[in-house]
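A.B. asks: What follows is a structure written as structure tokens; I'll ask about it next.
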Amino acid sequence: MRRIGITSSGGRGIAPAAPTIGTATVTDSTTVSLTFTAPFSKLPITSYTVTSSPSISLSVSETSSPLTVTGTFVASQAYTFTIAAVNANGTSTSSAASNSVTPLSTFNVEYTVVAGGGGGAVAGGGGGGMRQATLSSLSPSTNYTVTVGAGGGGGTAGSSRGSDGSGSTFSTINTTGGGGGGSNAASTSLRSGRNGGAGGGRGNAGSGVVPGTGNLGGYSPSEGASGGDISRGGGGGGGASGAAGSNSVQSGGSGTASSINGTTYAGGGGGSGYSGGSGGGGQGRDTDTNGGNGTTNTGGGGGGTDFNARTGGNGGSGIVLLKYPDSKTITIGAGLTGSTAAPNGGFKVTTITAGSGNVSWS
């Protein structure tokens, strides 16, 4: 009997056998990785085709396991995949269907992002810039950058301004560190408060001595208020919708409550002898002591001090709060310090308190 398709050249005319399907894994919102075992084939396999259910147009790269499969997937739609092998003689039958995966299951994350507060000198430092809203359409298995800003160092009251705090970040959301408080130095510029997320208060009086302005990032809504405009230690401004530093006394401006946990953050530091603003602002001192530090993980500004040889308080470090559906599981990457509270009301809240790195969700 004649055997159709078999030739003396060793198998020309025979298409490959079907591949053996492996595991489908979501790589990101548009890409799936598909493992398989190559089939028996008399001739070299030149490519593989992949078909999805439901059917969409797919692009396939690689010619060995795993295949990288890219497509415009529909949000929240589950897909399975089959593979067929191709050689010079044709295309094999399809493999069995893969496991089901959902490549594009987007979700929203509510955030509060607070930068580090500015350091005090004679005047209080400004609170860290603070922004809060909701970031829409995040994708699973995708890295999002998080950075928690440090507080600025206190300046020597008689000779140097406080240092600015550092900014905090979540994905595309950035905040600016609080501005340093002004000093009692001879230089007009060193008496003025620094601009920042919220501005530092102005130091001792003089022509051209001004408080620092807030919202240095130019965001809407504003990330912070201006420092106080009062001689000898205006208070720093508060973050977000918080108050400016007082122009009548040397108190720091109040901060703003987080929409996630109700805690107030980013208070301005108090000028010499006056209290810091609610939200972690450092206490100003009128005794021969250093200014009070802004509270850690609040973005509060450092307090000022009325003694030239003393230093103002350091600004408090920032914080990042993330609230998301409790169906999602967060991975806090290397370089970050954080924790996740137990689910409550259909949501989880993750608090990132230090570092720089990535978070992702599955």
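A.B. asks: Might you check whether a residue that is touching a strand residue (DSSP E or B) at 6+ places or on another chain (Cβ under 8 Å), more than 23 Å from Ala15 (Cα to Cα) and surrounded by 15 or more Cβ atoms within 10 Å (Cβ to Cβ) occurs anywhere in segment 32-48?
C.D. replies: Yes, segment 32-48 contains a residue that is touching a strand residue (DSSP E or B) at 6+ places or on another chain (Cβ under 8 Å), more than 23 Å from Ala15 (Cα to Cα) and surrounded by 15 or more Cβ atoms within 10 Å (Cβ to Cβ).
A.B. asks: Would you confirm, using the coordinates I've provided, whether Gly206 is part of a loop (DSSP other than H, G, I, E, B) and farther than 18 Å from Gly119 by Cα?
C.D. replies: yes
A.B. asks: Could you please let me know if Gly13 is at pLDDT below 70 and either outside the structural domain of Thr72 (by TED's automatic domain parsing) or farther than 30 Å from Thr106 by Cβ (or both)?
C.D. replies: It is false that Gly13 is at pLDDT below 70 and either outside the structural domain of Thr72 (by TED's automatic domain parsing) or farther than 30 Å from Thr106 by Cβ (or both).
A.B. asks: What are the pairs with Cβ atoms under 9 angstrom where one residue, in segment 13-41, is on the phi < 0 side of the Ramachandran plot and the other, located anywhere, is among the basic types (Lys, Arg)? Sequence gap at least six, or different chains.
C.D. replies: Every condition considered, the pairs that remain are Ile14/Lys42; Pro16/Lys42.
A.B. asks: Now for a different question. Kindly indicate whether any position in segment 140-162 is of a type outside the set (Gly, Ala, Ser), out of contact with any Ser or Thr (no Cβ under 8 Å at 6 or more places or on another chain) and either modelled with pLDDT of 95 or more or surrounded by fewer than 24 Cβ atoms within 10 Å (Cβ to Cβ) (or both).
C.D. replies: no
A.B. asks: Another question, then. I'd like to verify a number: residues in segment 245-256 that are at pLDDT below 85 and within 22 Å of Gly318 (Cα to Cα), how many?
C.D. replies: 1
A.B. asks: Considering segment 125-139 alone, what residues qualify as being outside any loop (DSSP other than H, G, I, E, B) and either modelled with pLDDT under 95 or in contact with a Pro (Cβ under 8 Å, 6 or more places away or on another chain) (or both)?
C.D. replies: Within segment 125-139, Arg131, Ser136, Ser137, Leu138 qualify.
A.B. asks: Mind checking whether some residue in segment 115-133 is free of Cβ contacts under 8 Å to residues at least 40 places away in the same chain and among the polar types (S, T, N, Q)?
C.D. replies: No, every residue in segment 115-133 fails to be free of Cβ contacts under 8 Å to residues at least 40 places away in the same chain and among the polar types (S, T, N, Q).
A.B. asks: Something else: Tell me, please, whether a residue that is assigned by TED's automatic domain parsing to the domain that holds Gly238, aromatic (Phe, Trp, Tyr) and crowded, with 24+ Cβ neighbours inside 10 Å can be found in segment 272-288.
C.D. replies: Yes, some residue in segment 272-288 is assigned by TED's automatic domain parsing to the domain that holds Gly238, aromatic (Phe, Trp, Tyr) and crowded, with 24+ Cβ neighbours inside 10 Å.
A.B. asks: Ok, one more. What tally of residues in segment 299-332 results from selecting those that are of a type in the set (S, T, N, Q) and within 24 Å of Gly165 (Cβ to Cβ)?
C.D. replies: Number of matching residues: 5.
A.B. asks: Among the residues of segment 42-68, what is the count of those that are without any contact (Cβ under 8 Å) to a residue 40 or more places away in the chain, within 35 Å of the chain's Cα centre (by Cα) and part of a strand (DSSP E or B)?
C.D. replies: Summing the residues that are without any contact (Cβ under 8 Å) to a residue 40 or more places away in the chain, within 35 Å of the chain's Cα centre (by Cα) and part of a strand (DSSP E or B) in segment 42-68 gives 6.
A.B. asks: Between a first residue in segment 69-87 that is on the phi > 0 side of the Ramachandran plot and a second residue that is outside any strand (DSSP E or B) and at pLDDT below 95, which pairs have beta carbons less than 9 Å apart while being 6 or more apart in sequence or on different chains?
C.D. replies: Listed by first residue and then by second, the contacts come to Ser76/Thr102; Ser76/Leu104; Ser76/Ser105; Ser76/Thr106.
A.B. asks: Here's a check for you: in segment 88-110, which residue that is part of a strand (DSSP E or B) and over 26 Å from Thr31 (Cβ atoms) is farthest from the chain's Cα centre (by Cα)?
C.D. replies: Ranking the candidates gives Gly90 first.
This table checks each residue for (1) surrounded by 16 or more Cβ atoms within 10 Å (Cβ to Cβ); (2) under 20 Å from Ala18 (Cβ atoms).
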site: Ser64; (1), (2): no, yes
site: Thr68; (1), (2): no, no
site: Thr72; (1), (2): no, no
site: Thr80; (1), (2): yes, yes
site: Ile83; (1), (2): yes, yes
site: Val86; (1), (2): yes, yes
site: Thr91; (1), (2): no, yes
site: Ser98; (1), (2): yes, yes
site: Glu110; (1), (2): yes, no
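A.B. asks: If you check every pair at least six apart or on different chains, which have Cβ atoms under 6 Å apart with a residue in segment 168-191 that is crowded, with 20+ Cβ neighbours inside 10 Å first and a residue that is hydrophobic (A, V, I, L, M, F, W, C) and part of a helix (DSSP H, G or I) second?
C.D. replies: Final answer for the pair search is Ser183/Leu190.
A.B. asks: Determine whether segment 96-105 contains at least one residue that is among the small types (Gly, Ala, Ser) and under 30 Å from Gly253 (Cα atoms).
C.D. replies: No, segment 96-105 has no match at all.
A.B. asks: Could you list all residues from segment 308-362 that are surrounded by fewer than 19 Cβ atoms within 10 Å (Cβ to Cβ) and either within 30 Å of Arg191 (Cβ to Cβ) or in contact with a Cys (Cβ under 6 Å, 6 or more places away or on another chain) (or both)?
C.D. replies: Listed by number, the residues that qualify are Asn308, Ala309.
The values are calculated or read from the model by the stated rules, or taken from the named source; none is laboratory data. Everything numeric in this text was worked out from a predicted model, so none of it was measured. Every residue, glycine as well, gets a Cβ built from its backbone with ideal geometry; the counts of neighbours run over all protein chains shown.
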